[in-house]
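Here's the structure, in structure tokens; my notes come after.
The values are calculated or read from the model by the stated rules, or taken from the named source; none is laboratory data. Model, not experiment: these values are computed from the prediction. So basically every Cβ, Gly included, is an ideal-geometry build from the backbone, and we count neighbours across all protein chains shown. Heads up: the accessible areas ignore ligands, DNA and RNA and are worked out on the full protein's heavy atoms, side chains in. Shrake-Rupley method; radii C 1.70, N 1.55, O 1.52, S 1.80 Å.
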Amino acid sequence: MTATNAQEFARAQGAMPGGVSSPVRAFGSVHETPRFFVSASGPYVTDVEGREYVDLVGSWGPAILGHAHPAVVKAVQDAAARGLGFGASTPGETELAELIAARVVRPSAVERASAGERDETSRTDENPQLQSVSSRLIALPEPVEGRSTTGTHPVERVRLVSTGTEATMTAIRLARGATGRDLVVKFAGHYHGHSDGLLAEAGSGVATLAMPGSAGVPAAIAAQTLVIPYNDVDAVREVFSARGHQIAAIIVEAAPANMGIVPPAHGFNAALADIAHEHGALLILDEVLTGFRVGAAGWYGIDPVPFSPDLITFGKVVGGGLPLAALGGPAALMELLAPLGPVYQAGTLSGNPLAVAAGRTTLDHLDADAYARIDAAATTIADAAASALADAGVTHVLQRSGNLFSIQFAAEPPVDYDTVRAQEAFRYPPFFRAMLEQGVSLPPSVFEAWFVSAAHDDAAVGRIVEALPAAARAAAEARPG
Ligand code: PLP
């Protein structure tokens with residue numbers, strides 16, 4: 001007899017802490033039995049009970065072409081037949097590194113105009129949410145003399161690793177090695193993986209479990225991370241005027257998506273680059289989640305104000321669903337990594353040929369048409385969610401950064417971790433459960449983004465849109481506690 005999700009969960013709890021390999025999968029914050037999936041195809045996932053769901057988790061981002069995309073599966077099968085891994089260099093790694101470097105380019109205004117695009121600055125200025133954030137919080141610093149806005153090809157060398165955690169951890173070690181300084185500035189509510197120094201006031205699962213950080217992190221290591229509020233240039237200036245000579249880097253999510261979506265205020269990333277560079281520190285732009293998802297060149301390519309990050313981290317989409325992540329930057333900085341330089345980093349499975357094949361094939365299929373489909377489906381779903389909630393009388397803000405979006409149960413657009421946490425989060429579990437009952441799999445936490453894929457066709461989007469009104473009513477009826 002086929003096992004039920006509940007039976008699978010009971011068995012898993014006897015074998016693995018909390019029954020899971022990663023905390024949010026336990027469905028704790030939505031008070032529901034986690035679904036145990038056995039297969040997936042396109043926009044759909046199927047659980048052990050044979051029930052199919054339209055999926056808006058997308059493996060937390062990598063499944064941007066839809067699940068089990070035939071070209072990706074074939075590339076992985078072909079690679080597997082040639083050998084699962086050699087612990088040695090392969091031509092495919094170089095090709096993927098070249099592909100990453102070539103894609104992460106900021107089109108010049110001239111190229112954008114000739115491609116028929118409107119100026120991005122004015123487009124964002126028309127976004128009332130971003131406008132309100134900018135006017136409330138940001139007094140943009142004057143441009144620093146000599147600031148390079150020509151950093152249009154910020155990636156000259158790439159190191160392949162296996163997870164986003166490794167990518168950010170390595171970027172920080174590299175920044176410390178390059179500057180000879182120890183301190184790192186991070187923002188409350190941002191998630192950069194689970195390395196010791198980056199868990200303080202972290203987003204994603206740490207936020208979902210309402211943990212301030214993690215046990216097991218030595219106080220001496222936690223003290224190397226200075227946590228400040230997001231979207232607050234004054235806080236950045238203050239921390240640099242107090243300790244600028246000791247700060248190796250600022251690490252920032254390019255467009256935060258691990259406390260729900262909280263778009264950067266207009267010019268915030270540029271302000272970070274300026275302030276870091278004024279003080280001889282580096283800017284690490286974490287694009288593990290946004291990279292190759294919100295556009296061909298990630299958030300870097302669409303931020304309305306040009307800026308020059310020093311190191312960029314990638315994950316999720318770049319591995320096409322298999323364990324692969326990367327970091328990139330200028331040759332002078334990246335070549336401080338071993339074997340050329342003194343900063344050590346290594347990995348048995350780094351650049352694994354199956355993961356490289358999945359990543360390359362995924363990037364190859366992410367053309368303008370694919371992004372247009374993702375953007376259109378995201379707009380339809382986001383608009384439908386907003387109007388269902390409005391019809392049900394639920395106070396909410398639909399926050400968007402490109403094709404990433406999430407609901408915040410708040411009257412004003414949250415701009416940082418404090419305002420995110422002040423929302424009526426108790427409305428999300430009944431909303432989530434009502435969607436699940438109707439066959440839509442949402443992220444099991446209000447602090448996560450909704451991931452749309454290029455495979456979300458009219459039928460899949462239609463099923464989501466149909467399910468939203470009942471979920472909105474469930475959210476309206478929710479009571480705290
Ligand atoms: N950085 C960001 C922005 C992320 O969203 C994540 C994961 O969600 C990570 C880093 C860590 O990546 P991984 O889970 O692959 O270690």
Going by what's in this entry, would T179 be described as away from the ligand (no atom under 11 Å from the Cβ), within 30 Å of E98 (Cβ to Cβ), open to solvent by 20 Å² or more (accessible area, probe 1.4 Å) and not charged (D, E, K, R)? yes
Filter the stretch 315-332 down to the residues that are within 11 Å of the ligand (Cβ to nearest atom) and either within 17 Å of G42 (Cα to Cα) or not in a strand (DSSP E or B) (or both) and list them by number. G315, K316, V318, G319, P323, L324
A careful count of residues in the stretch 154-176 that are open to solvent by 40 Å² or more (accessible area, probe 1.4 Å) and either more than 9 Å from the ligand (Cβ to nearest atom) or closer than 17 Å to T225 by Cβ (or both) gives 6
Collect the residues in the stretch 435-466 that are in contact with a Leu (Cβ under 9 Å, 6 or more places away or on another chain) and in a helix (DSSP H, G or I), keeping them in residue-number order. M435, L436, I464
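Residues checked against (1) within 24 Å of L327 (Cβ to Cβ); (2) more than 16 Å from the ligand (Cβ to nearest atom):
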residue: V236; (1), (2): yes, yes
residue: H245; (1), (2): no, yes
residue: M259; (1), (2): yes, no
residue: V262; (1), (2): yes, no
Taking the conditions exactly as written (farther than 27 Å from R237 by Cβ, modelled with pLDDT under 50 and open to solvent by 40 Å² or more (accessible area, probe 1.4 Å)), does E145 satisfy them or not? no
From S22, S41, S59, which residue is within 16 Å of the ligand (Cβ to nearest atom), hydroxyl-bearing (S, T, Y), closer than 27 Å to D367 by Cα and within 28 Å of the chain's Cα centre (by Cα)? S59
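Yes or no, residue by residue, for (1) among the aliphatic types (A, V, I, L, M); (2) in contact with a Cys (Cβ under 7 Å, 6 or more places away or on another chain); (3) farther than 14 Å from A358 by Cβ:
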| position | (1), (2), (3) |
| --- | --- |
| P43 | no, no, yes |
| Y53 | no, no, yes |
| I64 | yes, no, no |
| H67 | no, no, no |
| D78 | no, no, no |
| V104 | yes, no, yes |
